[in-house]
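The values are calculated or read from the model by the stated rules, or taken from the named source; none is laboratory data. Quick caveat, the model's predicted, so the values are computed rather than measured. So basically every Cβ, Gly included, is an ideal-geometry build from the backbone, and we count neighbours across all protein chains shown.
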Amino acid sequence: MPAFTEAFIESRDFKTELSASAASAFVAEGFDASVGRVNASDRPDLADFQCNGALAVAKAAKANPREVAAKIASHFDGDTRLDKLEIAGPGFLNFTLSHGALSDRANALASDPRIGAPKVAQRRKVMIDFGGPNVAKEMHIGHLRTAVIGESLKRTLRFLGDEVIGDAHFGDWGLQMGQLIVGLSEEQPDLPYFDAGFTGPYPAESPVTLADLGRIYPKSSARIKAKDADFLAAARKATKELQDGRPGYRALWQHFVVVSREALKRDYAALGVEFDLWYGESDADPYVEPMIADLKAKGLLVEDNGAQVVHVARPGETRKKKLDDGSVVEVPSPPPLLAVSSEGSAMYGTTDVATIVQRQKEFGPDLSLYIVDQRQAEHFEQVFRTAYLAGYAQEGQLEHAANGTVNGPDGTPFKTRDGGTLKLGDLISQAVEKANARLHEAGLGEGLSEDAFADTAHKVAVAALKFAELSNHRLTNYIFDLDRFMSFEGKTGPYLLYQAVRMKSILRKAGEQGLAAGLIAVAEPAERELVLLLDGFDNALKETYLKRAPNILADHVYRLAQGFSKFYAACPVLVGEDAALKASRLGLVSLTLRQLELGLDLMGLSAPDQM
Ligand code: ARG
């Protein structure tokens with residue numbers, strides 16, 4: 001059982017309120033409260049909301065659904081929120097809100113500093129493990145995905161009231177460290193770090209640059225892939241010596257970490273992604289030995305062909321496996337966690353379990369979310385089960401919020417033309433270049449200073465990349481298509497920014513004319529629709545939170561931008577003699593902009609002032 005129930009307060013929206021009223025009406029008529037669910041209408045031309053509960057209960061009650069619906073409707077007699085409540089077809093209840101109720105809601109949202117966002121009922125401490133970059137290995141498009149989704153969830157959970165700690169969980173401890181040490185020792189054998197007797201001094205300036213790492217790492221990986229046994233053995237040995245504390249290797253490793261981390265932080269900053277912690281896998285290292293001892297003491301560690309494993313499958317959880325000789329056997333599923341390899345090394349899973357112990361001790365999170373590729377699902381299943389078995393966390397406190405892959409046009413994981421993975425830094429510069437071109441093509445940003453134009457282009461580029469991620473469900477495999485992401489039309493980041501800039505410019509012009517936003521009084525269909533959209537923010541945020549799914553927020557923000565566009569086409573804001581009308585419409589523009597900008601911020605985007 002999770003230690004917490006996820007509930008919200010300070011939340012109000014028509015859907016929830018009407019559902020509550022309908023539920024009590026059903027209860028009063030002797031039915032179950034759960035059928036009183038009210039949803040947005042399937043026919044927005046006929047009504048705002050609908051409830052199908054009468055149809056659901058009539059059959060079992062051997063009653064006429066239209067009669068049941070009429071009884072439920074009678075409970076809404078005199079309800080000032082409603083303009084009308086109709087019984088349609090076989091027994092649907094169709095709710096149409098009054099202008100007054102919508103105006104009141106709009107004004108309430110306008111005076112709410114949270115613009116309709118809910119708050120969690122119980123503040124939790126949540127750790128979000130995302131990004132997951134590695135020393136020396138360049139970040140690629142897959143790392144972009146976890147960074148963007150993680151950043152958005154971090155911001156959303158925090159805004160809804162949780163205490164959130166975002167950890168990069170820097171990959172600074174595996175075999176790649178040994179690879180780099182050996183690779184470097186071949187290139188620059190004269191560096192003092194390779195002397196077995198090295199004890200310092202430790203130069204503050206790194207003799208190793210990012211370019212060195214970028215050259216050595218791919219070369220060494222290629223040798224491992226090509227099964228260069230000598231190299232692999234040397235890399236393993238160096239890794240082990242590093243982990244055992246050989247001073248020269250430690251000093252070198254420190255350089256690798258610093259150089260990589262600085263470069264990574266630069267790329268992340270350009271994307272508006274920020275971590276509260278840059279703990280590395282190495283930071284869990286001191287926890288590994290005592291943890292192994294503890295697992296042993298608890299009888300969870302089992303010898304298996306010279307290695308030490310933890311069995312995590314429950315009785316009966318098996319899958320079929322084909323052996324080399326063609327025979328088929330049943331093996332436990334998930335397979336056991338490899339805690340200590342036959343060479344005596346701690347593995348990726350060991351580090352992750354030790355990290356849980358460390359986080360528990362240092363932070364005591366109520367919930368840990370891992371925003372990591374779906375292809376690591378089994379790994380996390382092994383890690384979480386081990387942690388639960390050993391009592392390092394309570395069932396439900398560890399959660400893998402997995403993400404799918406970013407594919408190329410051929411449907412396989414995205415590659416550059418030369419077959420390599422596209423590096424994050426290159427990707428960002430490509431996007432900025434494209435944003436520049438698009439702005440010029442569209443005749444946008446012409447009056448801007450050079451700096452302001454560059455800032456706008458950067459914001460457009462980031463919005464294009466991030467919104468493309470966020471508008472898909474995190475598990476969806478989607479196709480990377482920078483041209484489409486960068487369009488000012490359709491469901492794209494640049495479209496959202498463009499609508500925000502239009503709103504800003506209306507408000508700026510209004511200011512120049514001495515006009516100000518005032519009390520909102522809705523009357524036109526497009527105004528009603530816009531207020532209903534604004535009212536849906538609460539629910540969109542709750543769903544985003546509960547499902548760890550920023551695409552729900554992304555969808556809300558997109559529909560809001562569309563709703564504004566429709567409103568602006570139908571309802572002139574700055575023209576005419578009616579001062580109250582102009583003030584009301586300006587009020588609606590200002591409210592919409594505030595909610596849009598909050599939504600953008602929770603996705604990690606920001607709109608320029610001008611374009
Ligand atoms: N560094 C890993 C990778 O690039 C991801 C780390 C994810 N987080 C974790 N706690 N294992 O695949």
Self-check item: Tabulated pairs, segment 155-174, first of a type in the set (Val, Ile, Thr), second modelled with pLDDT of 95 or more and within 16 Å of the ligand (Cβ to nearest atom), C-beta under 6 angstrom, 6+ apart or interchain
Solution: VAL164/VAL126; VAL164/LYS154; ILE165/MET127; ILE165/ASP276
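Could you say whether any residue in segment 328-342 is within 16 Å of the ligand (Cβ to nearest atom), part of a loop (DSSP other than H, G, I, E, B), in contact with a strand residue (DSSP E or B) (Cβ under 6 Å, 6 or more places away or on another chain) and free of Cβ contacts under 8 Å to residues at least 24 places away in the same chain? Don't jump to the end; show me each part of the working.
Just the residues of segment 328-342 that are within 16 Å of the ligand (Cβ to nearest atom), to begin with: 334, 337-339.
Subsequent filtering for residues that are part of a loop (DSSP other than H, G, I, E, B) retains 334.
Filter once more, keeping what is in contact with a strand residue (DSSP E or B) (Cβ under 6 Å, 6 or more places away or on another chain): none.
No: segment 328-342 contains no residue that is within 16 Å of the ligand (Cβ to nearest atom), part of a loop (DSSP other than H, G, I, E, B), in contact with a strand residue (DSSP E or B) (Cβ under 6 Å, 6 or more places away or on another chain) and free of Cβ contacts under 8 Å to residues at least 24 places away in the same chain.
Where residues in segment 351-382 are acidic (Asp, Glu) and not in a loop (DSSP other than H, G, I, E, B), which of them is farthest from the chain's Cα centre (by Cα)?
From segment 351-382, those acidic (Asp, Glu) are 352, 362, 366, 373, 378, 381; that's our starting set.
Within this subset, residues satisfying the condition of being not in a loop (DSSP other than H, G, I, E, B) are 352, 362, 373, 378, 381.
Details: ASP352: 21, GLU362: 24, ASP373: 12, GLU378: 21, GLU381: 20 Å.
Here the answer is GLU362.
Taking the options GLN374, GLN358, name whichever one is under 22 Å from SER471 (Cβ atoms) and either aromatic (Phe, Trp, Tyr) or within 13 Å of the ligand (Cβ to nearest atom) (or both).
Details: GLN358 fails: under 22 Å from SER471 (Cβ atoms).
Checking each option against the conditions leaves just GLN374.
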Exercise. For segment 450-474, name all the residues that are surrounded by fewer than 24 Cβ atoms within 10 Å (Cβ to Cβ) and among the aliphatic types (A, V, I, L, M).
Key: ALA452, ALA454
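Name the single residue, out of those in segment 298-322 being small (Gly, Ala, Ser) and loosely packed, with under 10 Cβ neighbours inside 10 Å, that is nearest to SER342 (Cα to Cα). Steps first, please.
Taking segment 298-322 first, the residues small (Gly, Ala, Ser) are 299, 306-307, 313, 316.
Among the residues that remain, those that are also loosely packed, with under 10 Cβ neighbours inside 10 Å are: 299, 316.
Working: GLY299: 19, GLY316: 27 Å.
Taking the candidates together, the pick is GLY299.
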Quiz item: Can you tell me which residues in segment 53-88 are hydroxyl-bearing (Ser, Thr, Tyr) and assigned to a helix (DSSP H, G or I)?
Solution: SER74
Self-check item: Neighbours by Cβ (under 7 Å, 6+ apart or cross-chain): first from segment 39-61, closer than 15 Å to LEU530 by Cα; second among the aliphatic types (A, V, I, L, M) and in a helix (DSSP H, G or I)
Solution: ASP48/LEU532; PHE49/LEU18
Quiz item: Can you tell me how many residues in segment 331-352 are more than 14 Å from TRP173 (Cβ to Cβ) and surrounded by 17 or more Cβ atoms within 10 Å (Cβ to Cβ)?
Solution: 6
Exercise. Write out, first by first residue and then by second, each pair whose Cβ atoms fall under 7 Å of each other, whose residues are 6+ apart or on separate chains, and whose first residue, in segment 197-218, is over 16 Å from GLY245 (Cα atoms) while the second is modelled with pLDDT under 85 and buried (at least 17 other Cβ atoms within 10 Å of the Cβ).
Key: LEU213/ALA136; GLY214/GLU138; TYR217/ALA136; TYR217/LYS137
Exercise. Select from segment 152-178 the residues that are of a type outside the set (A, V, I, L, M, F, W, C) and within 15 Å of the ligand (Cβ to nearest atom) and write down the one among them that is farthest from ALA401 (Cα to Cα).
Key: GLN176
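Against the condition surrounded by 13 or more Cβ atoms within 10 Å (Cβ to Cβ), within 16 Å of the ligand (Cβ to nearest atom) and closer than 22 Å to HIS140 by Cβ, how does ALA387 come out, does it pass?
On the way: surrounded by 13 or more Cβ atoms within 10 Å (Cβ to Cβ): yes; within 16 Å of the ligand (Cβ to nearest atom): yes; closer than 22 Å to HIS140 by Cβ: no.
So ALA387 does not fit the description; no.
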Self-check item: Boolean, LYS415 is touching a Leu at 6+ places or on another chain (Cβ under 8 Å) and either closer than 19 Å to HIS311 by Cα or away from the ligand (no atom under 12 Å from the Cβ) (or both)
Solution: yes
Practice problem: For THR405, indicate whether it is in contact with a helix residue (DSSP H, G or I) (Cβ under 7 Å, 6 or more places away or on another chain), polar (S, T, N, Q) and surrounded by fewer than 21 Cβ atoms within 10 Å (Cβ to Cβ). | Solution: yes
Quiz item: Only one of (1) crowded, with 16+ Cβ neighbours inside 10 Å; (2) touching a helix residue (DSSP H, G or I) at 6+ places or on another chain (Cβ under 8 Å); (3) part of a loop (DSSP other than H, G, I, E, B) is not met by ALA47, so which one is it?
Solution: (2)
Practice problem: Could you check ALA56 against (1) among the aliphatic types (A, V, I, L, M); (2) surrounded by 13 or more Cβ atoms within 10 Å (Cβ to Cβ); (3) in contact with a strand residue (DSSP E or B) (Cβ under 8 Å, 6 or more places away or on another chain) and say which number it fails? | Solution: (3)
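Applying the selection to segment 497-538, what residues are small (Gly, Ala, Ser) and under 24 Å from ASP578 (Cα atoms)?
Residues of segment 497-538 small (Gly, Ala, Ser): 500, 505, 510-511, 514, 516-518, 521, 523, 526, 536.
Hits for segment 497-538 are SER505, ALA510, GLY511, GLY514, ALA516, ALA517, GLY518, ALA521, ALA523, ALA526.
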Quiz item: What helices (runs of 4 or more DSSP H), lying completely within segment 518-611, carry at least 3 residues that are at pLDDT 95 or above and of a type in the set (Ser, Thr, Tyr)?
Solution: 550-570, 579-603
Quiz item: For the subset of segment 96-141 comprising residues that are within 16 Å of the ligand (Cβ to nearest atom) and over 18 Å from the mean Cα position of the chain (by Cα), which member is surrounded by the most Cβ atoms within 10 Å (Cβ to Cβ)?
Solution: ALA136
Practice problem: Identify the residue in segment 489-504 that is touching a Leu at 6+ places or on another chain (Cβ under 8 Å) and more than 15 Å from LEU605 (Cα to Cα) and, among all such residues, is surrounded by the most Cβ atoms within 10 Å (Cβ to Cβ). | Solution: MET503
